[in-house]
Ligand code: CP
Ligand code: NVA
């Protein structure tokens, strides 16, 4: 059976931990993965911009011996109204896998339903599983199993990245404190999925509208843009999010040793100040680098079943 990766709950907690181990092995050169995609053709079908996800996946595919194709939705017959299900069935006859970045999560689910090849979510309006898997790896690389003891705070908009953190916290049994303004909370569906998993794994997920409560004594403070791709700037949202900016004042509530994370791209002066961004930039760009290693492990897992 084909193995999709559309949301984090499609892997078990055991598989999730073994993916972290596999990523470490691949990053440190202890696992020969050169032939994992030998002779395989994998496409990236994107309808939104991307720097990290696109480049890291293309390099991952090539380093695993596969051949990658970048397909822009605007250049396919989809643009002229061809059915999703027909596109999925067509591409399944040529390719061995497809990595999709699109706006509508339900569109991606429909694509997956009709495709007979693995489908990987490279970001939708609802979730960004490759990002959070990689971010948890970045913490695992530094703290090992101790990541379960950390206080992780997500501060900002309740968007796709925030939704996926909820599931990631449940999957790995982490302590996650999420602070969003009223009216900009994450999806209740993802919250429930995260809480259901947390019951099994021993994780804790708290939601608050007070950023200081989330950040107080935190080991990690994570943020993302206030206006995601396809969101229009809106003054009401901007003003509601202002107290959630990750700046020196907010970080003074966190532990001295706090680490700041950002999935990027960042909008400095909005969700994070330039000063804070630069102070933690070395960790942020390690986070960026790890997208490559984690995605190689993910492809290894999907195509070699390990
Ligand atoms: N973090 C992330 O997914 O970046 P891109 O939008 O550049 O791919
Ligand atoms: N929430 C952001 C994440 C970008 C990686 C967006 O969807 O634009």
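The values are calculated or read from the model by the stated rules, or taken from the named source; none is laboratory data. Computed from a prediction, not measured in an experiment: that's the story for all the values here. Here the Cβ is made from the backbone with ideal geometry for all residues, glycine too, and neighbour counts use every protein chain on show.
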So residue 246, is it in contact with a strand residue (DSSP E or B) (Cβ under 6 Å, 6 or more places away or on another chain), at pLDDT 95 or above and within 16 Å of ligand 1 (Cβ to nearest atom): no
Residue in region 3-14 that is without any contact (Cβ under 8 Å) to a residue 40 or more places away in the chain, farther than 24 Å from residue 168 by Cα and assigned to a loop (DSSP other than H, G, I, E, B) present: no
Residue that is nearest to residue 295 (Cα to Cα) [pool: residues in region 53-63 that are within 13 Å of ligand 2 (Cβ to nearest atom) and buried (at least 19 other Cβ atoms within 10 Å of the Cβ)]: 56
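Go through region 78-100 and give me each residue that's surrounded by 12 or more Cβ atoms within 10 Å (Cβ to Cβ) and part of a helix (DSSP H, G or I). Reasoning before the result, please.
Residues of region 78-100 surrounded by 12 or more Cβ atoms within 10 Å (Cβ to Cβ): 78, 82-92, 95-100.
Within region 78-100, 78, 84, 85, 86, 87, 88, 89, 90, 91, 92 meet the criteria.
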Residues being within 17 Å of residue 160 (Cβ to Cβ), in a loop (DSSP other than H, G, I, E, B) and in contact with a strand residue (DSSP E or B) (Cβ under 8 Å, 6 or more places away or on another chain) - total across region 106-135: 5
Filter pass, residue 36 being touching a residue at least 24 places away in the same chain (Cβ under 8 Å) and touching a strand residue (DSSP E or B) at 6+ places or on another chain (Cβ under 7 Å): no
Enumeration of residues in region 287-301 that are away from ligand 2 (no atom under 16 Å from the Cβ) and surrounded by fewer than 22 Cβ atoms within 10 Å (Cβ to Cβ): 301
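Go through region 199-230 and count every residue that is within 16 Å of ligand 2 (Cβ to nearest atom) and either surrounded by 19 or more Cβ atoms within 10 Å (Cβ to Cβ) or modelled with pLDDT of 95 or more (or both). Give the steps one after another, and end with the answer.
Going through region 199-230, the residues within 16 Å of ligand 2 (Cβ to nearest atom) turn out to be 222-230.
Within this subset, residues satisfying the condition of being either surrounded by 19 or more Cβ atoms within 10 Å (Cβ to Cβ) or modelled with pLDDT of 95 or more (or both) are 222-229.
Final tally of qualifying residues: 8.
For residue 44, state whether it is at pLDDT 95 or above and part of a strand (DSSP E or B).
On the way: at pLDDT 95 or above: yes; part of a strand (DSSP E or B): yes.
Taking the combined requirement at face value, the residue satisfies it.
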Subset tally (residues that are away from ligand 1 (no atom under 14 Å from the Cβ) and either touching a helix residue (DSSP H, G or I) at 6+ places or on another chain (Cβ under 7 Å) or farther than 15 Å from residue 223 by Cβ (or both)) for region 249-272: 12
Hits in region 159-174 (condition: away from ligand 1 (no atom under 16 Å from the Cβ) and either closer than 12 Å to residue 220 by Cβ or surrounded by 24 or more Cβ atoms within 10 Å (Cβ to Cβ) (or both)): 166, 167, 169, 170, 171, 172, 174
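In region 48-90, which residues are away from ligand 1 (no atom under 16 Å from the Cβ) and either in contact with a strand residue (DSSP E or B) (Cβ under 6 Å, 6 or more places away or on another chain) or closer than 30 Å to residue 266 by Cβ (or both)? Even if it seems obvious, please write down each step before you answer.
Our first condition is that a residue be away from ligand 1 (no atom under 16 Å from the Cβ); within region 48-90, this holds for 62-67, 69, 74-90.
Those that are away from ligand 1 (no atom under 16 Å from the Cβ) and either in contact with a strand residue (DSSP E or B) (Cβ under 6 Å, 6 or more places away or on another chain) or closer than 30 Å to residue 266 by Cβ (or both): 62, 63, 64, 66, 67, 69, 74, 75.
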